[in-house]
Amino acid sequence: MTTDVRAKLAELGITLPVAALPVAAYVPAVRTGNLVFTAGQLPLVDGAMAGTGKVDGEVTVERAKELAQICALNALAAVALVADINKITKVVRVVGYVNGVPGFINHPAVVNGASELFIHIWGDAGKHARTAVGIAELPLNSPVEIELTVEIAD
């Protein structure tokens, strides 16, 4: 079964972005067999950060959740560099890194921005294993970074 990912995104008023260029020595996505692993994706829109700062400081939890969705879209764009995203059969794993103020413990609420998007697109096949962790800093002072692992059928 295939899913028209762009049509599902259009239902939300969202367009799949162009994959962001790497900011260091790595590639955006790697395919091995029927799995695609993405590098961590920041909330870049047209090459610029959509938000910066600490969650629960300069960035609200709700805004950080929106930024996590942007990261998730960038992860899908990275997958599209190495595979047909309409052939994704399962979202296997999401890893979310949250740059919160000291004592911030609501990381899962932020990473839900990515998880809820994938469930909207693929339904039960969008449900995934997940890790949501807090860290002291992220590249470019990003509030959130998302990694994605998906299964491809072909």
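The values are calculated or read from the model by the stated rules, or taken from the named source; none is laboratory data. In this text, all values refer to a predicted model and were calculated from it rather than measured experimentally. Note that each Cβ is placed from the backbone with ideal geometry, even for glycine, and that neighbours are counted across all protein chains shown.
Computed values, structure above
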| item | result |
| --- | --- |
| Check on Ala109, within 16 Å of Leu9 (Cα to Cα), at pLDDT 95 or above and small (Gly, Ala, Ser) | no |
| Which numbered condition His120 fails, given (1) in contact with a helix residue (DSSP H, G or I) (Cβ under 9 Å, 6 or more places away or on another chain); (2) of a type outside the set (Lys, Arg); (3) at pLDDT 95 or above; (4) surrounded by fewer than 19 Cβ atoms within 10 Å (Cβ to Cβ) | (3) |
| Pick from region 39-83, criterion acidic (Asp, Glu) and on the phi > 0 side of the Ramachandran plot, ranking: surrounded by the fewest Cβ atoms within 10 Å (Cβ to Cβ) | Asp46 |
| Test: residue in region 49-60 that is under 20 Å from Gly96 (Cα atoms) and modelled with pLDDT under 95 | no |
| Qualifying position, being over 15 Å from Gln41 (Cβ atoms) and of a type in the set (A, V, I, L, M, F, W, C), among Ala125, Ala68 | Ala125 |
| Wholly enclosed strands (runs of 3 or more DSSP E) of region 1-115 bearing at least 3 residues under 11 Å from the mean Cα position of the chain (by Cα) | 88-99 |
| Condition met for Val133 (exposed (fewer than 13 other Cβ atoms within 10 Å of the Cβ) and in a strand (DSSP E or B)) | yes |
| Thr32 being over 23 Å from Thr131 (Cα atoms) and surrounded by fewer than 17 Cβ atoms within 10 Å (Cβ to Cβ) | no |
| Number of positions in region 28-60 that are among the hydroxyl-bearing types (Ser, Thr, Tyr) and closer than 17 Å to Val92 by Cα | 2 |
